[in-house]
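Novice: There's a structure below that I have some questions on.
The values are calculated or read from the model by the stated rules, or taken from the named source; none is laboratory data. Since the model is a prediction, treat every value here as computed from it, not as a measurement. Cβ coordinates were reconstructed from backbone atoms using ideal geometry, including for glycine residues, and neighbour counts include every protein chain displayed. Side chains are part of the model used for accessible areas, which takes the heavy atoms of the whole protein and leaves out ligands, DNA and RNA. Shrake-Rupley method; radii C 1.70, N 1.55, O 1.52, S 1.80 Å.
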Amino acid sequence: MSNVQQYLLTIHSDKEKALSIAQDTTRGLESKQLTLIEVVQSLGEYINEEDDSIRARAIDYLSQVIGRLSPTFLSRQQIQVLCQFLCDRIEDGGAVGGLRKLQALGRFNKDMAAMTFRAMLDRYQDLQIRPQAQRVQILELLNDLMLKHRNALKELGNESIVGITDLVSGEKDPRNLMVIFSILRVVMVEWDIPGHAEMLFDSVFCYFPITFRPPPDDPYGITAQDLKSRLRDCIAASGHFAPYAFPQLIDKLDSTSPNVKKDVLQTITACASSYGITTLSNYSIMLWDSLKFEILNVQEEDIAEEALVSLQAIAIRLGLGLDSTDPKTPLARYLRPITKECNEQLQEPQHKQAKPAGQILSALGTSSPVTFFLIVKAIVPSLMALYQDAESIAKQRALLEVLVQIFDSAIAVYGTPSIPAPNTRVENPLEPFKDRLFELNSQALMGSAADEVSFRVVALKALLRLCLLRRYLQDNEIGMAVQYFDEIVLLEDPSGKDDLKREAIQALVELSRIKPNLIMDITFPAFMAKLPDSSPSDDQDYLITLEGLAKLSVERYVADTLIRRLLNRLDIVLQNDGCSAYPQAILSTLHYILSQRDLDQDPNLSSYHERIVVGLTSQVVLASVGKAPTTALNEEPTLEILGRLAVMIVRALDEHKQQSVALHIYSLFVDEADFVPVPFRGNIPKLQMSTMILSASLMAGVRHSVSLQFTDPGVGPINKTLAELIRIAFSEDVPPLRQAILRQIGLLTNKFVLPQDTESVLGILKNLLLGLSETTSASENAVRIVFWVAKGLILRLAHTDEILERLLNLLSVKECGIASARGFGLLLAPDEVLSKENGAQIRLLAKQKVFNICVPNIAKEFRRANPATKSNYLVALSGILEHMPTEVVLPEIDTILPLLLRSLDLEDSDVKAATIQTLTVVSQENPKAIEGHVGSLVSRLLKVKDSTLLPYKHTVTRGLLNVLDDPKRNVRKEAVECRVAWFNMDEPQSD
């Protein structure tokens, strides 16, 4: 049996075997055991069969053989013969595949390409009625010819233009259209098409606008945007299309569909960016007359923005390479009616069309220096005259807003001192107006009534932009503006002027980037002079000053100086008695400044460590033992801020320095003769106990690889320290001090206990649990300790199953059940000390494991719990869910939902809040899950107090925005009423 016979018999039943038969034939040819003529002749009886399928399989066999030959095996003559053979049978299945393989060979010449192309035209005049699989094969062959043999097709001239257009017309399949649009664009760009421009344009514009929507789970991944982009490229491919494209696109702007309008505008932009300048100039005024309606009579913001982009694209194209401001250029002719229209609109600057007129000028102004020049010359003199004659502040403000937009364009064209724009020979047209503009805006900012806040904000923005504009104002003029901004921040009454102060601070921040010397010379002395040397009793103006200084620290040079000056000021303030709020504010400012820096790379890190961590910590400790004056640093809130600073600095130290810190976690950089570490003694005075806040911070900052060492000679392994911490935690009742001790317990068990030692920590935990179950009056501190030990281990997934089982058992213990229930919320709650940033071991699967173990158990035990302890299970569940990812909760929502509804009946407002949060997420992610419980849910929510719901006010009102546009009137009505109810939730009830 011949190879072709075997192939025909097996191709449908065993494709792999059939292909191996074709491979055998290929090997026979390459080893010269067979000749090509013999292979072709072996097809004889099959290629003349009346059965189409047999002919197709026979030709496919030949194509498979050809495709497996080495690229240089066939001679040019053999390729010619095969090409003719396959072209004659191009309608038989497999022939197209063979031709695709032949055309890829180096010896396939332009005559063969022309032969193939003509065969396609002759045999596929009805291509559009063929099956999709056949159409795509022909299109792919045509695409191959366009890629490798384009010149051969170009030489066919009109024959190829008309032939290709006819061949691909009438296609609707998106897969095929992607190929067709690519092919046609090449013809449009590279062929000589003037005589066929309308035909080619019509061949693609018939698809505009694209309304394709891919089916769900579309395996081809073709989107509507893909088709739109390819089609847009075709329409914009040649300026010869302009007489057809622009009028028809403008007509389609009348569409009521925003999507169609957007497509039209984006296509106009593409055409404007692509067509020649002369061609575009012929239509630029027509386009302006149509586009201006979409901007001046804005109905959809995004449509207006697209129209602005189109206008800008026209200006960019007309101004390409232009450095002449001659009024006779195409660009100048385009801009003339635009500036005339905008000037007319600005005569009434408070009219609704004045603002979009300013947007038009701004968008066009950024196009090029020449465009900006022509706009300023046509607009600014009129604007300034209008401003001079304006009889109201409101009118002046509207005109200033337009000036701000023009200044933004100037910055885009000419750059800033730190961001230069491309070089241009066109002078800045604002130069002649410099003195007047500076005076006008300065007067508006500093000479207006103090309560004209919105007007002064606009003036400030305008003045800032003049300062930012490259090579415009002199340093002394910018310095005057800096003084104005300083005065607004420091001297003006803050009531009702927060917006103005914020803008002034932001202006100083921006100027600090380009003129740090002016900030250092003018702003810093002014700001520092406003900071008192002692804590004021009730005046907190220093907060505004510190906020300003903190925000000004964006530049390293500025920040370095500021940190030194603030530390010096802190030393002075601490020497004087007064309330602690002021030094706390200084420390918070330092924390903010350092948090904005890359401390790992900061050359001053060592000095921060010495002066802040070592210096201030030892000052606290010495004061606690009476060897130095007690200051505001010794108060718990101040210590907590200092602790945050210490964590950040220690975390950035190298391992060698961290090892030194680890030696002083409890001695706190003070000689042991002066201070005995807190954990290893009894009867600890409160001032000394408060140093545990700093100990927790130091422990948090060092890496887990650093060995913890303590100064007490009797202390050995970490377990001993852990036992001491547990001991003092039992009796501590001051919340911040207790929290500091508990955090150290969590840090030790999570971060520093070696894996092989977790078993002994588990033993400590078991003893604690045993104590809870045996006592008749378990203290809340005992429960807190248990859960912090557990938290440290669970987050690192150590003994999780056993620990959680024991903790769940506590829920049924009357004496400690409710306290334990609240403890479950602690297990997964984020903590600023026990965090990944501080090197804590927080495994990705920790939350899911807690959920998978606890939730089924809680659901099961709740059903059989006695009435006195049932609520414990609900509280525990709410604590777990509060910090659980949505994707973990949703699969088990059927189990959880009945318990959540029961949770709303509890008196505990924290539980209710956590429950509502979970229900909110569920209703958004899986609304069907709660459909059957809506009645029960609504009745319970109606009983919830406003104070519980308030945290969700913003989330709910924002979430309802989408519903306000629902097509159903009743739905919209309910959404409006619901939003009103939430908005009024915290308003006082009227009498």
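Novice: Need pairs with beta-carbon distance below 6 Å; first residue free of Cβ contacts under 8 Å to residues at least 24 places away in the same chain and more than 16 Å from S595 (Cα to Cα) and within segment 547-576, second open to solvent by less than 10 Å² (accessible area, probe 1.4 Å) and of a type in the set (S, T, Y); sequence gap 6+ or separate chains.
Specialist: Pairs that qualify, where the first residue is free of Cβ contacts under 8 Å to residues at least 24 places away in the same chain and more than 16 Å from S595 (Cα to Cα) and the partner is open to solvent by less than 10 Å² (accessible area, probe 1.4 Å) and of a type in the set (S, T, Y): there are none.
Novice: Which helices (runs of 4 or more DSSP H) does segment 299-373 wholly contain that include 1 or more residues that are over 30 Å from F455 (Cα atoms)?
Specialist: The helices (runs of 4 or more DSSP H) meeting that bar are 301-318, 330-346.
Novice: Okay, next question. Of the conditions (1) farther than 20 Å from Q299 by Cβ; (2) open to solvent by 70 Å² or more (accessible area, probe 1.4 Å), L364 fails just one. Which one is it?
Specialist: (2)
Novice: Also: I'd like to verify a number: residues in segment 280-303 that are out of contact with any Leu (no Cβ under 9 Å at 6 or more places or on another chain) and buried (at least 19 other Cβ atoms within 10 Å of the Cβ), how many?
Specialist: Number satisfying all stated conditions: 2.
Novice: Please state which of the following conditions I419 fails to meet, knowing it meets all the rest: (1) out of contact with any Lys or Arg (no Cβ under 6 Å at 6 or more places or on another chain); (2) under 27 Å from A559 (Cα atoms); (3) surrounded by 21 or more Cβ atoms within 10 Å (Cβ to Cβ).
Specialist: Looking at each condition in turn, I419 falls short on (3).
Novice: I need every pair where a residue in segment 263-278 that is within 14 Å of S290 (Cα to Cα) has its Cβ under 8 Å from the Cβ of a residue that is among the polar types (S, T, N, Q) and open to solvent by 10 Å² or more (accessible area, probe 1.4 Å), sequence separation at least 6 or different chains.
Specialist: Going by the 8 Å Cβ cut-off, the qualifying pairs are V264/S255.
Novice: To continue, here is another question. For segment 209-224, what are the residues that are modelled with pLDDT of 85 or more, more than 13 Å from N259 (Cβ to Cβ) and either open to solvent by less than 50 Å² (accessible area, probe 1.4 Å) or in a helix (DSSP H, G or I) (or both)?
Specialist: Residue satisfying the conditions is I222 alone.
Novice: Restricting attention to segment 755-784, report how many residues are under 39 Å from the mean Cα position of the chain (by Cα) and of a type outside the set (K, R). If you could, list the steps in order and put the result at the bottom.
Specialist: First pass over segment 755-784, keeping only residues under 39 Å from the mean Cα position of the chain (by Cα): 755, 784.
Those still in the list that are of a type outside the set (K, R) too: 755.
The number of residues fulfilling the criteria is 1.
Quick grid of which residues meet (1) closer than 29 Å to G163 by Cβ; (2) modelled with pLDDT of 90 or more; (3) out of contact with any Ser or Thr (no Cβ under 9 Å at 6 or more places or on another chain); (4) surrounded by fewer than 18 Cβ atoms within 10 Å (Cβ to Cβ):
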{"site": "K32", "(1), (2), (3), (4)": "no, no, yes, yes"}
{"site": "T35", "(1), (2), (3), (4)": "no, no, yes, yes"}
{"site": "V39", "(1), (2), (3), (4)": "no, no, no, no"}
{"site": "E45", "(1), (2), (3), (4)": "no, no, yes, yes"}
{"site": "R100", "(1), (2), (3), (4)": "yes, yes, no, no"}
{"site": "R107", "(1), (2), (3), (4)": "yes, yes, no, yes"}
{"site": "K110", "(1), (2), (3), (4)": "yes, yes, yes, yes"}
{"site": "M120", "(1), (2), (3), (4)": "yes, yes, yes, no"}
{"site": "R130", "(1), (2), (3), (4)": "yes, no, yes, yes"}
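Novice: Go through segment 424-541 and tell me which helices (runs of 4 or more DSSP H), entirely inside it, have 3 or more residues that are under 34 Å from the mean Cα position of the chain (by Cα) and touching a residue at least 60 places away in the same chain (Cβ under 8 Å).
Specialist: 453-468
Novice: Something else now. Being touching a residue at least 12 places away in the same chain (Cβ under 8 Å) and under 24 Å from S705 (Cα atoms) narrows it down to one residue among R651, R597; which is it?
Specialist: Values: R597 fails: under 24 Å from S705 (Cα atoms).
That would be R651, the only listed residue that is touching a residue at least 12 places away in the same chain (Cβ under 8 Å) and under 24 Å from S705 (Cα atoms).
Novice: Additional query: Would you confirm whether any residue within segment 876-891 is over 32 Å from the mean Cα position of the chain (by Cα), open to solvent by 10 Å² or more (accessible area, probe 1.4 Å) and on the phi < 0 side of the Ramachandran plot?
Specialist: Within segment 876-891, none of the residues are over 32 Å from the mean Cα position of the chain (by Cα), open to solvent by 10 Å² or more (accessible area, probe 1.4 Å) and on the phi < 0 side of the Ramachandran plot.
Novice: Being within 24 Å of G701 (Cβ to Cβ) and open to solvent by less than 30 Å² (accessible area, probe 1.4 Å) is true for just one of A819, A729, A723. Which residue is that? Walk me through it before giving the result.
Specialist: Working: A819 fails: within 24 Å of G701 (Cβ to Cβ); A723 fails: open to solvent by less than 30 Å² (accessible area, probe 1.4 Å).
Just one listed residue meets the conditions, A729.
Novice: Here's a follow-up. Restricting to segment 146-162, what's the tally of residues that are touching a Lys or Arg at 6+ places or on another chain (Cβ under 8 Å), open to solvent by less than 30 Å² (accessible area, probe 1.4 Å) and in a helix (DSSP H, G or I)?
Specialist: Within segment 146-162, residues that are touching a Lys or Arg at 6+ places or on another chain (Cβ under 8 Å), open to solvent by less than 30 Å² (accessible area, probe 1.4 Å) and in a helix (DSSP H, G or I) number 2.
Novice: I'd like to know if segment 205-212 contains one or more residues that are touching a Ser or Thr at 6+ places or on another chain (Cβ under 9 Å), more than 20 Å from S274 (Cα to Cα) and touching a residue at least 24 places away in the same chain (Cβ under 8 Å).
Specialist: yes
Novice: Say whether the condition of being open to solvent by 10 Å² or more (accessible area, probe 1.4 Å), at pLDDT below 95, part of a helix (DSSP H, G or I) and in contact with a helix residue (DSSP H, G or I) (Cβ under 9 Å, 6 or more places away or on another chain) is met by at least one residue in segment 703-716.
Specialist: At the first step, the residues of segment 703-716 found to be open to solvent by 10 Å² or more (accessible area, probe 1.4 Å) are 703-705, 707-716.
Those still in the list that are at pLDDT below 95 too: 703-705, 707-716.
Subsequent filtering for residues that are part of a helix (DSSP H, G or I) retains none.
There is no residue in segment 703-716 that is open to solvent by 10 Å² or more (accessible area, probe 1.4 Å), at pLDDT below 95, part of a helix (DSSP H, G or I) and in contact with a helix residue (DSSP H, G or I) (Cβ under 9 Å, 6 or more places away or on another chain).
Novice: For segment 563-609, how many residues are among the small types (G, A, S) and within 18 Å of T630 (Cα to Cα)?
Specialist: 3
Novice: Looking at L227, L231 in this structure, which one is surrounded by 20 or more Cβ atoms within 10 Å (Cβ to Cβ) and either in contact with a Gly (Cβ under 8 Å, 6 or more places away or on another chain) or part of a helix (DSSP H, G or I) (or both)?
Specialist: Selected residue: L231, the only one of L227, L231 that is surrounded by 20 or more Cβ atoms within 10 Å (Cβ to Cβ) and either in contact with a Gly (Cβ under 8 Å, 6 or more places away or on another chain) or part of a helix (DSSP H, G or I) (or both).
Novice: Only one of these conditions is not met by Q659: (1) at pLDDT below 95; (2) surrounded by 20 or more Cβ atoms within 10 Å (Cβ to Cβ); (3) part of a helix (DSSP H, G or I). Which number is it?
Specialist: In the conditions (1) at pLDDT below 95; (2) surrounded by 20 or more Cβ atoms within 10 Å (Cβ to Cβ); (3) part of a helix (DSSP H, G or I), Q659 misses (2) alone.
Condition check ((1) open to solvent by 10 Å² or more (accessible area, probe 1.4 Å); (2) modelled with pLDDT of 95 or more; (3) more than 32 Å from the chain's Cα centre (by Cα); (4) on the phi < 0 side of the Ramachandran plot) across all residues:
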site: L318; (1), (2), (3), (4): no, yes, yes, yes
site: T325; (1), (2), (3), (4): yes, no, yes, yes
site: A354; (1), (2), (3), (4): no, no, yes, yes
site: A378; (1), (2), (3), (4): yes, yes, yes, yes
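Novice: To continue, here is another question. Among the residues of segment 663-702, which ones are farther than 21 Å from R727 by Cα, crowded, with 21+ Cβ neighbours inside 10 Å and of a type in the set (A, V, I, L, M)?
Specialist: Answer for segment 663-702, where residues must be farther than 21 Å from R727 by Cα, crowded, with 21+ Cβ neighbours inside 10 Å and of a type in the set (A, V, I, L, M): V670, V702.
Novice: Just one of (1) of a type in the set (S, T, N, Q); (2) modelled with pLDDT under 90; (3) buried (at least 23 other Cβ atoms within 10 Å of the Cβ) trips up Q125, so point out which.
Specialist: (3)
Novice: One residue is enough: does segment 402-411 have a residue meeting the conditions closer than 20 Å to L511 by Cβ, open to solvent by 50 Å² or more (accessible area, probe 1.4 Å) and not aromatic (F, W, Y)?
Specialist: Within segment 402-411 (the criterion being closer than 20 Å to L511 by Cβ, open to solvent by 50 Å² or more (accessible area, probe 1.4 Å) and not aromatic (F, W, Y)), the answer is yes, since at least one residue qualifies.
Novice: In addition: Among helices (runs of 4 or more DSSP H) lying entirely in segment 833-921, which contain 3 or more residues that are charged (D, E, K, R)?
Specialist: Because the criterion is at least 3 residues that are charged (D, E, K, R), the helices (runs of 4 or more DSSP H) in segment 833-921 that meet it are 846-864.
Novice: Hey, another quick one. Looking at this structure, is F73 open to solvent by 30 Å² or more (accessible area, probe 1.4 Å), of a type outside the set (A, V, I, L, M) and touching a Leu at 6+ places or on another chain (Cβ under 8 Å)?
Specialist: It is true that F73 is open to solvent by 30 Å² or more (accessible area, probe 1.4 Å), of a type outside the set (A, V, I, L, M) and touching a Leu at 6+ places or on another chain (Cβ under 8 Å).
Novice: Okay, next question. Name the residue that is surrounded by the fewest Cβ atoms within 10 Å (Cβ to Cβ), counting only residues in segment 474-503 that are of a type in the set (A, V, I, L, M, F, W, C) and at pLDDT below 95.
Specialist: Among those that are of a type in the set (A, V, I, L, M, F, W, C) and at pLDDT below 95, it is L491.
Novice: For D600, are the conditions met, namely being assigned to a loop (DSSP other than H, G, I, E, B), acidic (D, E) and surrounded by fewer than 17 Cβ atoms within 10 Å (Cβ to Cβ)?
Specialist: When the stated conditions are applied, D600 does not pass them.
Novice: Output the residues belonging to segment 743-757 that are part of a helix (DSSP H, G or I) and either at pLDDT 95 or above or closer than 23 Å to S695 by Cβ (or both).
Specialist: Across segment 743-757, the qualifying residues are R743, Q744, I745, G746, L747, L748, T749, N750, K751, F752, D757.
Novice: Against the condition closer than 28 Å to R397 by Cβ and of a type in the set (V, I, T), how does T366 come out, does it pass?
Specialist: Answer is yes for this residue.
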